[in-house]
């Protein structure tokens, strides 16, 4: 009997052997209460314990009950025997019943084995008792029943002890009750009798419990081996998984016993083999299988991917024996319909191709931030693997980088790709209208999802919109259309149309919708990013161009040409400027703000304005850069980064977190090169704040890069580090080339290579500044500049020596007149007699002030350039102040006269002393717009006399 289950268990273990071996190592150790075997053992043990305990309690109670009943019977028998004994009644009527009955009662007690025998009077008074001191006392309890002639037994509770007693009346010859006999056994004695049997009872109970637990353990061990230590939840889950695997998978499973009977077949096997409902337990040859298939099941041999016929199906069959090396052990067969596999493989291959195409689209669409190019990439990706022709139409505002607006019924064709060059579709640039609401395009835009027109010949709305174009498309072979709106952030940007023609005879189907929508969603996001970048880039470029010089100021010191090119990836902060200075000098400025976007452009404008303002103070280059650095530090303190969206977030010296030009974007500093050229001496003084030095092209074509002290960039909070200047001598015809680093370096070229190319390009004499700019850009400009490029080429000129006059003036007021006379003569030589009187007046006032309030030496210089420049220098650093004198004041009108008749005037300081200068237009009738007045009225001058 045991061999059968064991053998069957062996079969089951063989079939599921692999699963057991994979999971048994973990589950075999689960022998506690969590396993089914453990829970069955615990349940059996508890039940056995309860049964044994209940039996023991029942036996104890039964023993106590039997002991009490025996005590009642013995007590009643003793009492009746003593009551009916001869002489008992006579003794009760004797004068001294105690003397007669006490010995008899004591002898009866000892002989019967009861605990007490007492003789009572009818009223309950004791005549005899085991305890003599109780004689004469009334007995406790209700003995009236016996006095009435009734014998009874009871469990008495009271003095002297609780007991099981019997009370029997004693009658005389006449039948009258003359007394009572009470005998009994104490309760304690009864309990001792029961307790004496407890060891045997408990021993028997323990033995029964041990046998029950041992049997439960044997059953549990066997159950544990059969269930492999699994718990109830695991067995339930295993059963559910077993059912799911067998009846839910798309693979047939058949298990055959060693004698050829079918043990199990899942639903798929029944479908593929067309098995009858009662197939299980029937022999394989009775199931109507193909002979070759039946023979394989009965052979016991293994098979891998053998093809068998099952009706009109070809099955791929795999067979494995359930017991290795035993032909009678049965086998397991799995099968799959190869026809369905072929179709599934084709669909899987299509799905894999679509996934690869989506992956490729993610890498090919959006490689540039150009709207048109992104649309072209969408059309190129889908041809030819998804469609034969692809057209992309966008709203006009989207192409321009603006927010989508206007009616969706008109779009601009932006991209077109196809398997052939000739196409019946409208070309790129045409305005496409969707005026018929029943066209697939209009439906897709209205519904916001992809729409398929499987048969274009049946698309009446599409044909009605453009009959001629539809006829050409149908004649060309286009037969199917899938149209998808391009949506980004819920806004329509345009639409993509996928066309299939003769090259792809299969029309679009429902399975193509999700792919087309996913492809369009990715493309729409890239197009929207490009649109937003185009908008930001256009705004930044417009802002930057508005902040840069549009035209160069008129001056004779240098011939200047410039080029400025914004970066393709994002507008930077490069800038340049040409600033005329007093004394016919000129300042050249080139700078670079770190960063890109609107913030960098705005910062550049602020720095350019600051440089222009500081230049009016006539500072040296190093002093100007120090002031500029201090200003940037102060601006950075005023615009510390705050909460998002707060005005001022992202300072000039801060590090922003926004995107290209986005809110919160800061810059890490700026660089600047400032140079001042004096055409009267040819001296050029320059200082750098972290900016590359200039290139100097000598008149003979030799190129050098003069050493300029490299100061730290502006805005780094290191203002305690002073800047230093360098001084050069420029011969007439020399060219000074200032540039930003974007001209020299990029992703494809380092700085040193760019410097070498620049040197080779500049080494060409007899080139104008404009030609030099063109040559430099033609050689060094990269195809896609990664940074802004600012280029400034200035050719040095000199003011002829005969247009400069200088005098040394003694510290004596009488020396004013000779100098004024000499100046008037020189002005006349220059042909400026029209402004001679004004010039004399201005010189007189300036020289007089210098002698009166300044220190020697006093020098006078006249420079004839585009204007007549009058300069008076002295050794004092005291600054004169313009004020309005009262009518009663005798003086204080000198500078007022200078301000009235000079085009502009001011003061510049040297290391020792100062120079007060004034510029007079060379013709009093020349429109200057800067305050130059007509020739002074002599009467008015009398009123303004000192």
* Asked: For all pairs of alpha-carbon atoms in region 721-815, what percent lies in each bin of width 10 Å, listed from the first bin to the last filled one?
  -> 12, 33, 24, 14, 8, 6, 2, 0
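Gain in length, residue 251 to residue 727, computed as 0.36 nm per residue apart minus the alpha-carbon separation, to one decimal in nm?
On the way: separation 476, 0.36 × 476 = 171.36 nm, distance 9.10 nm.
Taking 0.36 nm per residue and subtracting the Cα distance, the gain is 162.3 nm.
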* Would you mind checking the tilt of helix 816-829 against the longest principal axis of the Cα atoms of the chain, expressed as 0 to 90 degrees and rounded to 10? => 80
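Using Cα pairs under 8 angstrom and six or more residues apart, how large is the relative contact order of region 365-537, in percent? Walk me through the intermediate numbers first.
Details: 362 pairs, mean separation 48.6, N = 173.
RCO, region 365-537: 28 percent.
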* To do: Tell me which label goes with the value of percent of Cα pairs over 45 Å apart computed from the coordinates here: (1) 38; (2) 69; (3) 41.
  => (2)
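Could you please rank 127, 751, placing first whichever residue has the fewest other Cβ atoms within 10 Å of its Cβ? Mind dumping the intermediate values first?
Details: 127 23, 751 12.
Fewest-to-most ranking of 127, 751: 751, 127.
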* Structure fact -> Packing-ranked peptide list from 282-292, 434-444, highest mean Cβ count within 10 angstrom first, is 434-444, 282-292
* Send over the per residue convex hull volume for region 126-217, Cα only, as a whole number of Å³. => 143
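For residue 233 and residue 69, compute 0.36 nm times the residue count separating them, minus their Cα-Cα distance, and round to one decimal in nm. Please report the intermediate quantities before stating the final value.
On the way: separation 164, 0.36 × 164 = 59.04 nm, distance 5.50 nm.
Full extension from residue 233 to residue 69 adds 53.5 nm.
At a Förster distance of 60 Å, what's the computed FRET efficiency of residue 162 paired with residue 40, Cβ-Cβ distance as r, to 0.05?
On the way: r = 48 Å, r/R0 = 0.80.
About 0.80, to the nearest 0.05.
When the helices in the chain are scored as -39500 (n - 2.57) per DSSP H run of 4 or longer and the sum is shared across all residues, what 222 nm value do you end up with, to the nearest 500 deg cm²/dmol?
Working: 25 runs with 381 residues, N = 946.
After summing the helix terms and dividing by the residues of the chain, the value is -13000 deg cm²/dmol.
So for region 456-594, averaging the separation of alpha carbon pairs under 8 Å that are six or more residues apart and normalising by length, what relative contact order in percent results? Could you put the intermediate results ahead of the total?
Values: 137 pairs, mean separation 20.4, N = 139.
Value for region 456-594: 15 percent.
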* Is the shape of region 663-795 best called rounded, prolate or oblate, per the rule: a/c under 1.5 gives rounded, else a/b larger than b/c gives prolate, else oblate, with a ≥ b ≥ c the square roots of the Cα gyration tensor eigenvalues? -> oblate
* May I ask you to derive the relative contact order of region 58-195, considering only C-alpha pairs under 8 Å and at least 6 residues apart, and to give it as an integer percent? => 30
* Diffusion constant of region 372-521 at 25 °C, which comes from Stokes-Einstein with the Kirkwood Cα-pair radius and 0.890 mPa s, µm²/s -> 162
* Structure fact -> For the chain, longest principal axis from Cα atoms; helix 232-248 axis from its Cα atoms; angle between them, nearest 10 degrees, is 70
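How big is the Rg/Rh ratio for region 249-344, C-alpha atoms only, Rh by Kirkwood, two decimals? Kindly include the intermediate steps, with their values, before the conclusion.
Values: Rg = 12.4 Å, Rh = 13.2 Å.
Rounded to two decimals, Rg/Rh equals 0.94.
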* If one takes the longest principal axis of the Cα atoms in the chain, at what angle in degrees, from 0 to 90 and to the nearest 10, does the Cα axis of helix 187-227 lie? -> 50
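Return the inverse of the average 1/r over all pairs of distinct C-alpha atoms in region 468-555, which is the Kirkwood hydrodynamic radius, in Å to one decimal. If you can, show how the numbers build up before the last one.
On the way: mean 1/r = 0.0597 Å⁻¹.
When all Cα pairs of region 468-555 are included, the Kirkwood radius is 16.8 Å.
P(r) tail for region 58-195, what percent of Cα pairs lie past 22 Å?
Numbers: 2988 of 9453 pairs.
Tail of P(r) above 22 Å: 32 percent of Cα pairs.
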* Asked: How are the C-alpha pair distances of region 202-267 spread across 5 Å bins, as whole percents from the shortest bin up?
  -> 4, 14, 12, 12, 14, 14, 9, 7, 5, 5, 4, 2, 0
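We did not get these values from a lab; they are worked out from the coordinates using the rules stated. As the structure is a prediction and not an experimental result, all values here were calculated from the model. Ideal geometry is used to build each Cβ from the backbone, glycine not excepted, and the neighbour counts take in all protein chains shown.
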